[in-house]
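A.B. asks: A single structure is presented below for examination.
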Amino acid sequence: MTMLDETPLLSVAGLSRYYGERVGCRDVSFEVYPGEVLAIVGESGSGKTTLLNCISTRLEPSAGSVSYRMRDGESRDLYRMSEAERRLLMRTDWGFVHQNPADGLRMTVSAGANVGERLMAVGERHYGRIRDTATHWLSRVEIAADRIDDQPRAFSGGMRQRLQIARNLVTGPRLVFMDEPTGGLDVSVQARLLDLLRGLVNDLGLAAIVVTHDLAVARLLSHRMIVMKDGRVVEEGLTDRVLDDPQAPYTQLLVSSILQV
Amino acid sequence: MSDLVSREAGTVAVRASALSKSFRMHLQGGLELPVVEGASFEVHAGECVVLGGPSGAGKSSILKMLYGNYAATGGEILIRHGEAMVDLVAASPRLVLAIRRETLGYVSQFLRTVPRVAAIDVVAEPLVARGIDAATARERAARTLERLNLPQRLWQLPPATFSGGEQQRVNIARGFITDHPVLLLDEPTASLDAANRRVVIEMIAQKKAQGVAQIGIFHDEEVREAVADRIIDVRGFGPARAA
Amino acid sequence: MSAATALGEDLATYNFAYLDEQTKRMIRRAILKAIAIPGYQVPFASREMPMPYGWGTGGVQVTASILGPQDVLKVIDQGADDTTNAVSIRAFFQKVASVAVTTKTREATIIQTRHRIPEEKLQAGQVLVYQVPIPEPLRFLEPRETETRKMHALEEYGLMHVKLYEDIARHGHIATTYAYPVLVSGRYVMDPSPTPKFDNPKMDMSEALQLFGAGREKRIYAIPPHTRVVSLDFEDHPFEIQTFDEPCALCGAEGVYLDEVILDDRGGRMFVCSDTDHCEDRRAAGHRGSMSPDEAYAGHGKGEGEAAR
């Protein structure tokens, strides 16, 4: 039987972020457990990106705390860690998949170096091993091995996004943040990417926090979801429960607004 | 070990008490739509209980509440999860997920297809999720699909383009492949031909023999007659009566 | 080496060597800080100098700040004492400071250099001043100064190896041959200025003080004597210096850095020492190469040959 008393990987408590008078997000609390995929949905301006940035140490919150359970089992408040520790965390135990791959890749270095960078950053100094690992990860994200020395500038949008994912996963992170990972891609490319992400998350036991406005993405990828509006959480729960039996007025509106194909 | 406890014939596997469900339609000015009220019943290990009653009586809503897919408005649903009776209505989403992984299976009316995943992997997935290695899981998936007469040439294809009956069989295989002690069946035979209906009847009987508690909706009278130990008429839980 | 002693006592050394005393004090402070933190780039208020950027304004300011009346100055450009840049800077200091100048490495107390370290081993008490065009080794991969500073502060140097990785992926070996990045005293990654990587080992545990001045970029950095300087590499692609197939055509020296000199327009060429002083010393001691002229030889006319990169 599953142990449910394990401690969360990430806990967010009373998190708020203000931009002067305006509210980015207000009083948000939730937890993410190992191996769990959480979707944060809402329309643009609902505060989901502000929230994502606050919990991934990219934007300092105005109030509240975010704590993360380190590999040694100790939970640490992210904003009480030194910047060096936070940055080390970001490039080893975490991944961040940007909506626009150009924000997460080095466009002027080869695919192999993009994947290998994190390894070199943590001290790997053997070219042959770095290259082998890069080749392995390229194949996991369905990029042909003979593209290893090409720059991402020469890649299609879908390939760039897959390369960005490989670059993030190479150090075996336990938590991956994704900001609209399928945004801006053709539907057929989206389906392939979602399927790939789903497989990787399952195989690697990754925890992930996925920000999306696409409810189909949330249904396919996530176990649980949070619905945001005007900076607040209006509903949260099991993904299929929220989508099939929405309780909050806004969620009902959101679900009823999906175009049926 | 826990399986032995729950599968002793006669042990209560599911107990619903005073279960109710009403939808509040915020887009229609907060209209309240009651569908189930005061539903109370027990289902034992090794028993197949069929929810009966006309369309719209709330059978499907009850089944969805039993799976945690619909949020109950009131009452409780106790499920034997391992050694303990757990209230599904009050359970945290993570506990619901754990219950679904280990205790509660569901065969829905329609298959929600995932792009690009082969039929055989769709079927094997619940086993893999429970920690069974991929090769064994595929082997068992193949045997189940064979039993349901799904042509072997379809196994490696994603089921999105399959006919309704073929999709339904993939769906049934996926639902029956695990050894969940409680199984919810939402019209699993709706789009099947007579031969495959008989296979499903056999499979349900086999689950009963294994001590699985099954709760289902079957519109097909022949199937219902063949599998039901008991029929619970949900009209008794209709809001009209309670009102 | 020290400039004016007590103010007013000796007017000849007040505002000695072109720069005013305030400026020299500011630059000396930057130099002291740089020596205290080996490899760290110290910002300084670089002055306008009477020469264009790229002609060694950083090196000149460093030299002017440490130069004293007793110093003996040598200036080299690509290893040669007689190229335009070297001649101009030497003339500049003769004019503004009346210091003694030399072309002999061992006689100099201060050697200002562009793109080479002398072949002869430097001694304790000598100072080597490098002219630096771009001090930031991370610049080409990370253009944001705010970010590169943070990377230095947090010792995030993975990016340096990304550059070397790209070299190997593209050329089969580390093709960077000059401005080859080094790790100083186990802490800061540093650009050794565009010297050939051939000279990198000479920086390690040097007896002499090494100062680096970047005028346009307004940075000074230093390697104090006896400091570990390690060239970055991979375990399976270790750092190697260039080797030359032939010895110097004039003095027959091996294991020195050679320049290619084009002799005619029919493919004729020769390889000669880039360090002119070293070459002359050897010839004076009687060494000869395959293309040595006879006894009437009066110094090989160099100056056109940019170092092979």
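A.B. asks: Based on what the data block shows, is B:TYR70 in contact with a Phe, Trp or Tyr (Cβ under 6 Å, 6 or more places away or on another chain), within 12 Å of another protein chain (Cβ to nearest Cβ), open to solvent by 30 Å² or more (accessible area, probe 1.4 Å) and not charged (D, E, K, R)?
C.D. replies: no
A.B. asks: Another question about this same structure. Would you point out which residue out of A:ALA191, A:ALA144, A:ALA121, A:ALA154 is more than 30 Å from A:GLY73 (Cα to Cα), within 11 Å of another protein chain (Cβ to nearest Cβ) and among the small types (Gly, Ala, Ser)?
C.D. replies: A:ALA191
A.B. asks: Same structure again: Looking at region A:93-116, which of the residues that are within 11 Å of chain C (Cβ to nearest Cβ) and modelled with pLDDT under 95 is surrounded by the fewest Cβ atoms within 10 Å (Cβ to Cβ)?
C.D. replies: The extreme case among them is A:THR108.
A.B. asks: Does A:GLU6 satisfy being surrounded by fewer than 15 Cβ atoms within 10 Å (Cβ to Cβ) and within 12 Å of another protein chain (Cβ to nearest Cβ)?
C.D. replies: Yes: the conditions hold for A:GLU6.
A.B. asks: Among the residues of region B:79-109, which ones are under 25 Å from B:ARG24 (Cα atoms) and part of a strand (DSSP E or B)?
C.D. replies: B:ASP87
Let's see how each residue does on (1) closer than 30 Å to A:GLU124 by Cβ; (2) surrounded by fewer than 20 Cβ atoms within 10 Å (Cβ to Cβ); (3) among the aromatic types (Phe, Trp, Tyr):
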| residue | (1), (2), (3) |
| --- | --- |
| C:ILE111 | no, no, no |
| C:GLY125 | no, yes, no |
| C:ARG144 | yes, yes, no |
| C:VAL184 | yes, no, no |
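A.B. asks: Need at least 1 residues that are of a type in the set (A, V, I, L, M, F, W, C) per element, so show me which strands (runs of 3 or more DSSP E) inside region A:1-110 make the cut, counting only ones lying wholly within it.
C.D. replies: The qualifying strands (runs of 3 or more DSSP E) are A:10-19, A:22-32, A:37-41, A:63-69, A:94-97.
A.B. asks: Starting from residues that are among the polar types (S, T, N, Q) and under 17 Å from the mean Cα position of the chain (by Cα), keep the ones in region B:181-201 and report whichever is most open to solvent (accessible area, probe 1.4 Å).
C.D. replies: That would be B:SER191.
A.B. asks: Here's something else I'd like to know. Provide a single number: the residues in region C:179-225 that are part of a strand (DSSP E or B), out of contact with any Phe, Trp or Tyr (no Cβ under 6 Å at 6 or more places or on another chain) and not small (Gly, Ala, Ser).
C.D. replies: Count: 9.
A.B. asks: Sort through A:GLU43, A:GLU85, A:GLU60 and tell me the only one that's surrounded by fewer than 21 Cβ atoms within 10 Å (Cβ to Cβ), within 14 Å of chain C (Cβ to nearest Cβ) and within 23 Å of A:VAL97 (Cβ to Cβ).
C.D. replies: A:GLU85
A.B. asks: If you don't mind, another one. Mind checking which residues of region C:127-142 are away from chain A (no Cβ under 13 Å) and open to solvent by less than 20 Å² (accessible area, probe 1.4 Å)?
C.D. replies: Those that are away from chain A (no Cβ under 13 Å) and open to solvent by less than 20 Å² (accessible area, probe 1.4 Å): C:VAL127, C:LEU128, C:VAL129, C:TYR130, C:GLN131, C:VAL132, C:PRO135, C:GLU136, C:PRO137.
A.B. asks: What do you reckon, is B:GLY131 on the phi > 0 side of the Ramachandran plot and open to solvent by 50 Å² or more (accessible area, probe 1.4 Å)?
C.D. replies: Here the answer is yes, as B:GLY131 does meet what is asked.
A.B. asks: Related question: Restricting attention to region C:124-151, which residues are in contact (Cβ under 8 Å) with a residue 12 or more places away in the chain and over 16 Å from the mean Cα position of the chain (by Cα)?
C.D. replies: Across region C:124-151, the qualifying residues are C:ALA124, C:GLY125, C:LEU138, C:PHE140, C:LEU141, C:GLU142, C:THR148, C:MET151.
A.B. asks: Any chance you could count how many residues in region C:57-76 are open to solvent by 10 Å² or more (accessible area, probe 1.4 Å) and either part of a helix (DSSP H, G or I) or in contact with a strand residue (DSSP E or B) (Cβ under 6 Å, 6 or more places away or on another chain) (or both)?
C.D. replies: Number satisfying all stated conditions: 2.
A.B. asks: Also: Just checking, does region C:158-178 include any residue being touching a strand residue (DSSP E or B) at 6+ places or on another chain (Cβ under 7 Å), over 27 Å from C:ARG114 (Cα atoms) and open to solvent by less than 10 Å² (accessible area, probe 1.4 Å)?
C.D. replies: Yes; the residues of region C:158-178 include at least one that is touching a strand residue (DSSP E or B) at 6+ places or on another chain (Cβ under 7 Å), over 27 Å from C:ARG114 (Cα atoms) and open to solvent by less than 10 Å² (accessible area, probe 1.4 Å).
A.B. asks: So, one more: Take C:GLY252 and tell me if it is closer than 25 Å to C:CYS279 by Cβ and touching a helix residue (DSSP H, G or I) at 6+ places or on another chain (Cβ under 9 Å).
C.D. replies: So C:GLY252 fits the description; yes.
A.B. asks: Return the total of residues in region B:134-150 being in a helix (DSSP H, G or I), open to solvent by less than 10 Å² (accessible area, probe 1.4 Å) and away from every other protein chain (no Cβ under 14 Å).
C.D. replies: Count: 2.
A.B. asks: A follow-up question, please. Looking only at region C:58-112, how many residues end up being of a type in the set (D, E, K, R) and free of Cβ contacts under 8 Å to residues at least 12 places away in the same chain?
C.D. replies: Here the count works out to 1.
A.B. asks: Another one. A:LEU215 - would you say it is more than 18 Å from A:SER56 (Cα to Cα), crowded, with 17+ Cβ neighbours inside 10 Å and at pLDDT 90 or above?
C.D. replies: It is true that A:LEU215 is more than 18 Å from A:SER56 (Cα to Cα), crowded, with 17+ Cβ neighbours inside 10 Å and at pLDDT 90 or above.
A.B. asks: Answer yes or no as to whether A:GLY231 is on the phi > 0 side of the Ramachandran plot and touching a strand residue (DSSP E or B) at 6+ places or on another chain (Cβ under 6 Å).
C.D. replies: yes
A.B. asks: Considering each residue of region C:152-164, count those that are of a type outside the set (Lys, Arg), at the interface with another protein chain (Cβ under 9 Å from one of its Cβ atoms), in contact (Cβ under 8 Å) with a residue 12 or more places away in the chain and in a helix (DSSP H, G or I), and give that number.
C.D. replies: Summing the residues that are of a type outside the set (Lys, Arg), at the interface with another protein chain (Cβ under 9 Å from one of its Cβ atoms), in contact (Cβ under 8 Å) with a residue 12 or more places away in the chain and in a helix (DSSP H, G or I) in region C:152-164 gives 5.
A.B. asks: If A:SER257 meets every condition in (1) within 22 Å of the chain's Cα centre (by Cα); (2) more than 16 Å from B:PHE23 (Cα to Cα) apart from one, which number is that one?
C.D. replies: For A:SER257, the exception is condition (1).
A.B. asks: Step by step: first the residues of region A:160-191, then only those that are in a helix (DSSP H, G or I) and open to solvent by 30 Å² or more (accessible area, probe 1.4 Å), then the one that is nearest to A:ARG118 (Cα to Cα). Which residue is that?
C.D. replies: So, considering only residues that are in a helix (DSSP H, G or I) and open to solvent by 30 Å² or more (accessible area, probe 1.4 Å), the one nearest to A:ARG118 (Cα to Cα) is A:ARG167.
A.B. asks: In the set B:GLY30, B:GLY105, B:GLY56, B:GLY38, which member is of a type outside the set (S, T, N, Q), surrounded by fewer than 18 Cβ atoms within 10 Å (Cβ to Cβ) and in contact with a Gly (Cβ under 9 Å, 6 or more places away or on another chain)?
C.D. replies: Answer to the check: B:GLY38.
A.B. asks: Restricting to region C:27-44, and then to whatever is over 18 Å from the mean Cα position of the chain (by Cα) and part of a loop (DSSP other than H, G, I, E, B), can you tell me which residue is farthest from C:MET205 (Cα to Cα)?
C.D. replies: Of everything passing the filter in region C:27-44, C:PHE44 is farthest from C:MET205 (Cα to Cα).
A.B. asks: Can you name every residue in region A:219-232 that is open to solvent by less than 10 Å² (accessible area, probe 1.4 Å) and in contact with a helix residue (DSSP H, G or I) (Cβ under 6 Å, 6 or more places away or on another chain)?
C.D. replies: A:MET225, A:VAL227, A:MET228, listed by residue number.
A.B. asks: Of the residues that make up region A:128-141, is at least one open to solvent by 10 Å² or more (accessible area, probe 1.4 Å), under 24 Å from A:ILE209 (Cα atoms), of a type in the set (A, V, I, L, M, F, W, C) and under 20 Å from the mean Cα position of the chain (by Cα)?
C.D. replies: yes
A.B. asks: Of all residues in region B:73-102, which are more than 10 Å from chain A (Cβ to nearest Cβ) and closer than 26 Å to A:ASN202 by Cβ?
C.D. replies: B:ILE79, B:VAL86, B:LEU88
The values are calculated or read from the model by the stated rules, or taken from the named source; none is laboratory data. Here the structure is a predicted model, which means the values were calculated and not measured. Using ideal geometry, Cβ is built from the backbone for each residue, glycine included, and neighbour counts are taken over all protein chains shown. Just the protein is used for accessible areas: all its heavy atoms, side chains included, with ligands, DNA and RNA removed. Shrake-Rupley method; radii C 1.70, N 1.55, O 1.52, S 1.80 Å.
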